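The values are calculated or read from the model by the stated rules, or taken from the named source; none is laboratory data. In this text, all values refer to a predicted model and were calculated from it rather than measured experimentally. Cβ atoms come from the backbone with ideal geometry, glycine included; neighbour counts cover every protein chain shown. Ligands, DNA and RNA are stripped out before the accessible areas are found, and what is left, the full protein with its side chains, is counted by its heavy atoms. Shrake-Rupley method; radii C 1.70, N 1.55, O 1.52, S 1.80 Å.
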4 protein chains.
Amino acid sequence: MNVNQLLAKLYAELPPENTGVVASYIPELAHVDPDKFGAHALTIDQREFSFGESEEGFSIQSIAKVLSLTMAYQRENKNLWERVGVEPSGTPFNSLIQLEQDMGIPRNPMNNSGALVICDVLLDYLPEPKKDLLAFVQSLTGDSTVGFNERVAASERGTSTRNRALIEFMRSFGNIRNNTERLLDFYCSLCSIEMNCRQLSRSFLFLANDGVSPFTGERIVSTSMTKRLNAIMQLCGLYDEAGEFAFRVGLPGKSGVGGGIVALRPRDYCVAVWSPPLNKKGNSNFGMAFLEGFTSQVGESIF
Amino acid sequence: MNVNQLLAKLYAELPPENTGVVASYIPELAHVDPDKFGAHALTIDQREFSFGESEEGFSIQSIAKVLSLTMAYQRENKNLWERVGVEPSGTPFNSLIQLEQDMGIPRNPMNNSGALVICDVLLDYLPEPKKDLLAFVQSLTGDSTVGFNERVAASERGTSTRNRALIEFMRSFGNIRNNTERLLDFYCSLCSIEMNCRQLSRSFLFLANDGVSPFTGERIVSTSMTKRLNAIMQLCGLYDEAGEFAFRVGLPGKSGVGGGIVALRPRDYCVAVWSPPLNKKGNSNFGMAFLEGFTSQVGESIF
Amino acid sequence: MNVNQLLAKLYAELPPENTGVVASYIPELAHVDPDKFGAHALTIDQREFSFGESEEGFSIQSIAKVLSLTMAYQRENKNLWERVGVEPSGTPFNSLIQLEQDMGIPRNPMNNSGALVICDVLLDYLPEPKKDLLAFVQSLTGDSTVGFNERVAASERGTSTRNRALIEFMRSFGNIRNNTERLLDFYCSLCSIEMNCRQLSRSFLFLANDGVSPFTGERIVSTSMTKRLNAIMQLCGLYDEAGEFAFRVGLPGKSGVGGGIVALRPRDYCVAVWSPPLNKKGNSNFGMAFLEGFTSQVGESIF
Amino acid sequence: MNVNQLLAKLYAELPPENTGVVASYIPELAHVDPDKFGAHALTIDQREFSFGESEEGFSIQSIAKVLSLTMAYQRENKNLWERVGVEPSGTPFNSLIQLEQDMGIPRNPMNNSGALVICDVLLDYLPEPKKDLLAFVQSLTGDSTVGFNERVAASERGTSTRNRALIEFMRSFGNIRNNTERLLDFYCSLCSIEMNCRQLSRSFLFLANDGVSPFTGERIVSTSMTKRLNAIMQLCGLYDEAGEFAFRVGLPGKSGVGGGIVALRPRDYCVAVWSPPLNKKGNSNFGMAFLEGFTSQVGESIF
């Protein structure tokens, strides 16, 4: 059985009923067909395998937080960790409780508050933030068709009261510097990035390749920084289900409420999966199960 | 430079002053010489490297929680996760707050409450709990001289009011079944196990070898269970500094308040380090720094 | 309409259905007839008014905490407040969360942890704790038939794991001194005191009379201490429904899970009501409504 | 000794050193002379007593929350309690933790979040909110010189990030309806009201007079509503020191970070005191001590 066949077999072995629910808090996301399913795996020597609607674009949402983090880390290096931590939170992704106890320093850059701080950092560096962000993502992917979904971005802007609260709260501790509306606008654009599974696995492949783009040979971040970005994904990438993901799948990964999950095996491969219905923790229900099967059958996890 | 030389060099590069403090809450531990330092690395093909007081025994304390967990996991398999979770906690290691919110189910088996539940499970299985536990640890280590430190165990029994509170609290939710004093006695013996760095790295080597003892060829746990045990160490092994450890060291590991830390690279090696002074999170201050240097220089972390 | 008629009218005006539920966590209490209802009002010049089963004994439970507090306050005076606070808690009555944040000092003597500390204080003073407590309660009531209900006390001892956890937790902070089982035994006896509405209003009347027993003229506590005891009842007497009680009833009062509530108007009267079904906050559902009507119609609250 | 003499004597008996600290988080308040001290007592039959700088205006800050609450309660009556609770919070006055647990419903109208909801209610009713509010306060006081301190209001607007966070957070739960900046502007004006002790005690006297202005005979709120407003002050008026205030002073009262405290004895008198240095809980340090002495010596508290 080749890897393409394995992807099909894993899909066939999913439960007949998906008990997950499509995210509804962003109206534009609620319209997605819950039966969509795509997967794409890609090795660092650029062999590609795919299944299902792997070429259909979806909203990558929080997955994009890894890419903005990479940009900020390139610019701030270790100074970045004075404004955001690297510890798992143990509480849901938009909680203010821990932020209050920690004096406005988010636990990690993968939850909403931390990702907002990262965006605040980038606004201080990028001359044209949205354009520069998109250029970076396109260069990682090697695909200039990757773009924002403006309707999703607009929909998010209209439902961002909780994020506005997070911003003002962190500002009261001195950890936000830019204008609230400008920051929210940038953040909502970030989350609205649309990719298909193939593009998504391509954009993360440098993290499986010690920080070097396998497509261009360009170094994106140092080996040490790559290791640290992967560690953050491992411990914080799936909200308060990071332990479950490490336990079942065993790879660094990141999920989004659009139903995407991307995971990678260092020095080996990257895999992206998309299935919109989410479990109670906000992660793709079938995506988790599919990746668990994938790492079990493909062989070694990092552990 | 060979690995023995590397260990010496890493030691030489530690800061001149150790800002950590030796644990004092267990009186017997407070007497340890803060300048003690030992390290031992061991590959799955049984090459050994050492530095300093690597043959001097110390109290492994919470590190033993991984060994008791292994015993319980052998017996209960996945049923075990109905009584204890696999998520990092985000709060200090002996917190009751999360336990109250989670209805008496500890977040993970590495914090005190979770380790007490694991001991409660073992009391239901083992005819002679302390003797059986020791036999298991000795067989893993291949060394029948490993034993409990009775003075440390007695000292812990005398300062275990917080653990008694945890037991009664979990019992009020139905998650403890055995007699409190019997359970505390077993738990305090577990934590009092004494090993040197060489023994410690030997006892954990099966976790770097897909669950098989490299010394005897005996399978201790399945490949899948090994992967899961390593995932739990990765996410929960260093209390609320697990993120920092993954970030800086990048390996699954476990620490104890005796100043020991053990870490392992799957399918490669296991390394144990001992330096009694602890940082504010309760982990060996020099141990963390030493392991960070080790993985940087030895090469690839798992990420 | 005289006061006896008023009591009957208020009863007649209660809703036809009682949405409350009889406490079940102490097995012995679960057997009580939910339709029982009694009320007794008593002025400081000893005029008495009653309705329903006002002569039928019931388990006063937490109401007794005011009486043990009075005994401890007599002995320790203001030193008492080094071991227990006087602030409302904002959390349910048996929460460990706040206790952890406050380093083992209970917020107030009306929640379980605070009442346990009060019992711990009394064990240091009373030669024969249970006998001495009962003698004090009998003297306040002027009725030597008041006693413990041994079956209720035994039933509570059998379900006191949570209280045992509270004790061990506070002991770990140094705020409990006596043996756990001895303390639990005393506490369970305290809660098992049985009175009828008439006895209950008599036992609290000194708090409406500036600290002096209206029956014997004996001073129980000073005017200043009386004022403070009433303030504690006002702010903490009905768990996390103290605000609602102040808002609707407007008198200092104390409730118990046996369905009793006692309230008093300083320099005027004391009133006790009994109806076993409890609302979601653990206070007598009809008792609250009855007292709200009573203070509305009898006239002035303290506010 | 007459009451004027009593006020002087109580002042003379304060400790020689004031350990409190003047509030600094609103820059304009930080400039106040810490040695200022004023007191004014006023009976419902309009006898007046004063001491010190009782005619010097100061920023009443949170004390004004009782007056805006009164306006909102007049208009919404019991519907008001669907948007804000009446329970003490047990946490500091600007905490978001409880707000998260309670789904955006503030515990009471005396903390910042609750007062913001009250302002949001008023914005729906008042054609000219600031003007209408001031007219109401002037009519209660019988003094048309009462006004906003525009410099304080501006200073507060410049430091209101935490309140902006509270607003957005409650809006995310659907409990805020008006524009954020408009709401903050109104709220900051409310807090900037300036009065002297004499004016302050006059403005609260209706609450000691069953809801009727003793100056004009006009009914402000019903007897029942008066009782409820006083109950809220009693339980929630001094942030998380409400228990201590009830315990030591024994009257319903309200404090502000400007150093003012007003308290009242129903059907008797109202008393206002001003001393800028605050204790750790944010209440006037000398104000608390002075009022404790006052109620001890003037005689009966409400308890």
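One table, with the values for the structure above:
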| quantity | calculated |
| --- | --- |
| Scope region B:1-30; condition part of a loop (DSSP other than H, G, I, E, B) and in contact (Cβ under 8 Å) with a residue 60 or more places away in the chain; matching residues | B:GLU13, B:LEU14, B:PRO15, B:ASN18, B:THR19, B:GLY20, B:VAL22, B:ALA23, B:TYR25, B:ILE26 |
| Number of positions in region C:100-112 that are farther than 27 Å from C:ASN196 by Cα, open to solvent by 10 Å² or more (accessible area, probe 1.4 Å) and within 18 Å of the chain's Cα centre (by Cα) | 1 |
| Qualifying positions in region D:265-295 - closer than 18 Å to D:CYS197 by Cα, in a loop (DSSP other than H, G, I, E, B) and open to solvent by less than 20 Å² (accessible area, probe 1.4 Å) | D:SER275, D:PRO276, D:PRO277, D:ASN283 |
| Criterion: at pLDDT below 95 and either over 22 Å from C:LEU207 (Cβ atoms) or touching a strand residue (DSSP E or B) at 6+ places or on another chain (Cβ under 6 Å) (or both) - qualifying residue of D:LYS280, D:LYS254 | D:LYS280 |
| Qualifying residues in region C:78-99 (those that are modelled with pLDDT under 95 and surrounded by fewer than 19 Cβ atoms within 10 Å (Cβ to Cβ)) - the one farthest from the chain's Cα centre (by Cα) | C:ILE97 |
| Residue identified as outside any loop (DSSP other than H, G, I, E, B), within 12 Å of another protein chain (Cβ to nearest Cβ) and either open to solvent by 20 Å² or more (accessible area, probe 1.4 Å) or in contact with a Ser or Thr (Cβ under 8 Å, 6 or more places away or on another chain) (or both) among A:ALA115, A:ALA154, A:ALA165 | A:ALA165 |
| Test result for D:ARG267, at positive phi and in contact (Cβ under 8 Å) with a residue 12 or more places away in the chain | yes |
| Any hit, region C:213-223, residues being free of Cβ contacts under 8 Å to residues at least 24 places away in the same chain and under 28 Å from D:LEU207 (Cβ atoms) | yes |
| Filter result (closer than 16 Å to D:ILE60 by Cα, assigned to a helix (DSSP H, G or I) and not hydrophobic (A, V, I, L, M, F, W, C)) within region D:131-151 | D:GLN138, D:THR141, D:GLU150, D:ARG151 |
| Single residue of region C:203-221 satisfying the filter (under 15 Å from C:VAL271 (Cα atoms) and either hydrophobic (A, V, I, L, M, F, W, C) or within 13 Å of the chain's Cα centre (by Cα) (or both)) that is surrounded by the most Cβ atoms within 10 Å (Cβ to Cβ) | C:SER203 |
| Meets criteria (buried (at least 22 other Cβ atoms within 10 Å of the Cβ) and hydroxyl-bearing (Ser, Thr, Tyr)) for A:SER255 | yes |
| Some residue of region B:224-245 being open to solvent by 20 Å² or more (accessible area, probe 1.4 Å), more than 28 Å from B:GLY142 (Cβ to Cβ) and more than 8 Å from chain A (Cβ to nearest Cβ) | yes |
| Search result, residues across region B:246-257 that are more than 7 Å from chain A (Cβ to nearest Cβ) and not β-branched (Val, Ile, Thr) | B:ARG248, B:LEU251, B:GLY253, B:LYS254, B:SER255, B:GLY256 |
| Condition met for C:ASN178 (among the polar types (S, T, N, Q) and away from chain B (no Cβ under 14 Å)) | no |
| Test: D:ARG182 is open to solvent by 40 Å² or more (accessible area, probe 1.4 Å) and part of a helix (DSSP H, G or I) | yes |
| Single unsatisfied condition, C:GLY287 versus (1) within 14 Å of chain D (Cβ to nearest Cβ); (2) over 13 Å from the mean Cα position of the chain (by Cα); (3) under 26 Å from C:PHE136 (Cβ atoms); (4) of a type in the set (Gly, Ala, Ser) | (1) |
| Qualifying residue in region A:222-230 (condition: under 13 Å from the mean Cα position of the chain (by Cα) and over 30 Å from D:LEU99 (Cβ atoms)) | yes |
| Residue within region A:53-60 that is closer than 22 Å to A:LEU264 by Cβ, surrounded by fewer than 17 Cβ atoms within 10 Å (Cβ to Cβ), of a type in the set (D, E, K, R) and touching a helix residue (DSSP H, G or I) at 6+ places or on another chain (Cβ under 7 Å) present | yes |
| Members of region B:120-151 that are open to solvent by 40 Å² or more (accessible area, probe 1.4 Å) and among the aliphatic types (A, V, I, L, M) | B:ALA135 |
| Residue check for B:VAL262: at pLDDT 95 or above and farther than 23 Å from B:LYS78 by Cα | yes |
| Flag for A:ILE105 being within 30 Å of B:LEU235 (Cα to Cα), of a type in the set (A, V, I, L, M, F, W, C), within 14 Å of another protein chain (Cβ to nearest Cβ) and out of contact with any Phe, Trp or Tyr (no Cβ under 6 Å at 6 or more places or on another chain) | yes |
| Test: residue in region D:274-282 that is at positive phi and more than 7 Å from chain C (Cβ to nearest Cβ) | yes |
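Results for (1) farther than 21 Å from B:ALA263 by Cα; (2) over 21 Å from the mean Cα position of the chain (by Cα); (3) open to solvent by less than 10 Å² (accessible area, probe 1.4 Å), shown as yes or no for each residue.
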residue: B:GLU13; (1), (2), (3): no, yes, no
residue: B:GLU28; (1), (2), (3): yes, no, no
residue: B:ALA39; (1), (2), (3): no, no, yes
residue: B:THR43; (1), (2), (3): no, no, no
residue: B:PHE51; (1), (2), (3): no, no, no
residue: B:VAL66; (1), (2), (3): no, no, yes
